[in-house]
1. In vacuum, with every alpha carbon of the range 372-488 counted as one equal point scatterer, what does the Debye formula give for log10 I(q)/I(0) at q = 0.09, 0.11, 0.18 Å⁻¹? Two decimals, please.
2. Which whole-number value in Å³ per residue fits the convex hull of the alpha carbons of the range 249-317?
3. Could you give the length gained by full extension between residue 173 and residue 157, i.e. 0.36 nm per residue of separation minus their alpha carbon distance, to one decimal place?
4. Give me the distance between the Cα centres of the range 455-485 and the range 415-432, rounded to whole Å.
5. If you average the alpha carbon positions of the range 316-365 and of the range 156-214, how far apart do those two centres end up, in angstrom?
6. Amide H of residue 275: which non-local residues (sequence gap of 5 or more, or other chain) have their own amide H closer than 5 Å, using H built in the peptide plane?
7. Beyond 28 Å between alpha-carbons counts as too far, so tell me which of 160/560; 390/549; 157/482 fall in that bin.
8. Based on the Cα coordinates of the range 277-416, what is the per residue volume of their convex hull in Å³?
Amino acid sequence: MHPPSRKDFVSLTLTGQGSGNYNNSKQWRRQSCWRKWKRLSRLQRNLILFTVALMLLCGIATYPSVTEHFRGKVSRKIEFSSLPLPCLFLQKQKRAAHKRGPPGLQNRLQKKGNVSDTQVEKVEGEKPLVNLLSWRACVSEVDRLEAVRDAFRHAWKGYKEFAWGKDELRPMSKSYGEWFGLGLTLIDALDTMWILNLKKEFEEAKTWVSTELSFNKNVDVNLFESTIRILGGLLSTYHLTGDTLFLDKAKDLGRRLMPAFNTPSKIPYSDVNIGKGTAHPPRWTSDSTVAEVTSIQLEFRELSRLTQDTRYQAAVDEVMQKVHKLEGKQDGLVPMFINTNSGQFTHLGMFTLGARADSYYEYLLKQWIQGGKKETALLEDYLQALEGVKKNLLKKSSPNRLTFVGELSHGRFSPKMDHLVCFLPGTLALGAHHGLPADHMELAKQLMETCYQMYAQMETGLSPEIVHFNMHEGSIGDVDVKLADRHNLLRPETVESLFYLYRFTKDRKYRDWGWEILQNFNKYTKVSTGGYTSINNVRDPEYPSPRDKMESFFLGETLKYLYLLFSDDPELLSLDKYVFNTEAHPLPIWPTAQ
Ligand code: DMJ
């Protein structure tokens, strides 16, 4: 964003002879101080200088912990450009290091003989500086939390001014876009406001929900999207606030979505008219997407638990049971489409952890956690799928041996990875936290590094939608980005995984990575009049080419995960008490008795 011109200068006032008494007396006081100083012995002067220097050093060393002490009580605005000079220098150092690749890379390169000794020495030589002048001392966690709140407020300002009550903000044209006509961004953002403690904004939004939101509308909604964003958002807001307004709205929507399951196979249609109570597949096919029909379970199961109406859970459990038994998987990996008439997979032989399959794997694990780790079929499918990933999709890139997840098409491997796959490190880490094998955590760490490199190796520091990894010996860089894949939609998956990895490892590098990503969102996607925009080209820092759309998940997920990443409070949505749906809406893990 180009900030309005600021007055970054020191004002010098030259005072003439006839200035008033105040100035004269100040000058007199200065002279008398100087005379006193001159009268001191050399030892006395040195002692004073030493004490002042010591005090300054102590001040710098304790700075982060002092600000930490005031956490929650102060609201300090921070602008990256206003960081002290040494911090800006450090930022430059870190950028250069990122361009070179992940830590440990230099050793690996050296072993392979790709890098000269002098190059390595140069890198090693920088280490003491980076250690001495800690990045963390430059920006404390309080600043980072406040920076996320600022980002939210800025996004909300645009939404409020130009798109209030509409689905999505179009920040460049200062207008809005409608998808379902249900205030999608507002509902998706409700629990984020609650978590970020943005009370005023939350109350305004709540008033809109209570006075304006109606599901009695002749509109077609996508079952999956409306479930994860709206139903999930209402349920989690109900849990966080205890306000039955949100539960009532959730019940109303849940009931209206049920016609989607009236299909010959009981595999739901993609679209429902929530006013008319009719449902249908897309116009061009009778297929549904596998990720869509298997990623509505957390929400419908929770709705049954809250309402004691078992129909919601029965409908989505039946889908899982059917998919569990289906032919056409490969080592636990599922195809991308399923037919609503036959109930069989279609487009066989194509496997991805990205678009159209991603959250199937995520919800296997999360349903198992939600239900108190009793539904063993879910766990078995999850574990088997991970073995399938390791066997068929996991490879290393060249030259830097980044671990990545590719795709399989009729037995042919493609080194293509969607940004969407970056949910996986977080999910793997969550599983390991809940008792699954420790090697899941090791894989999570490797993939986390890869996802971070998908940002760090781009000129804007923001990831493209899709990358292709190089696997040939002698490749110059690890990542290729095709022209059509250079967009960034403000997606959450990488910061989501950073949140999980930080929670479980407490390795602060994950926070630093998240902080860099937030800085780059601010730099390349922030629109000065309010809101953030998706961009077309992450490789062009001069003109990233705004797409004029702020997706609701930027507020529902991206900023929420960033805030949780920087928060030191493990009880702020403990991962032993809550499970996040695929749109970052926390739902309670059921008490063991159930
Ligand atoms: C969100 O709606 C959800 O996270 C979904 O699982 C995937 N796509 C977007 C965010 O990228």
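1. Result of the Debye calculation: -0.27, -0.39, -0.95.
2. Values: hull volume 5.7 nm³, N = 69.
Dividing the Cα hull volume of the range 249-317 by its residues yields 83 Å³.
3. Working: separation 16, 0.36 × 16 = 5.76 nm, distance 1.45 nm.
The residue 173-residue 157 span can extend by a further 4.3 nm.
4. The range 455-485 and the range 415-432 have Cα centres spaced 17 Å from each other.
5. Between the Cα centres of the range 316-365 and the range 156-214 lies a distance of 34 Å.
6. Amide H neighbours of residue 275, under 5 Å, 5+ apart: 217, 219.
7. Values: 160/560 19 Å; 390/549 36 Å; 157/482 34 Å.
Beyond 28 Å between Cα atoms: 390/549; 157/482.
8. Numbers: hull volume 17.8 nm³, N = 140.
That works out to 127 Å³ per residue.
Quick note: the coordinates plus some simple rules give every number you see, no bench work behind them. Just so we're clear, the structure is a prediction, and the values are computed from it rather than from any experiment. A quick note on method: Cβ atoms are made from the backbone with ideal geometry, for glycine too, and the neighbour counts reach across all protein chains shown.
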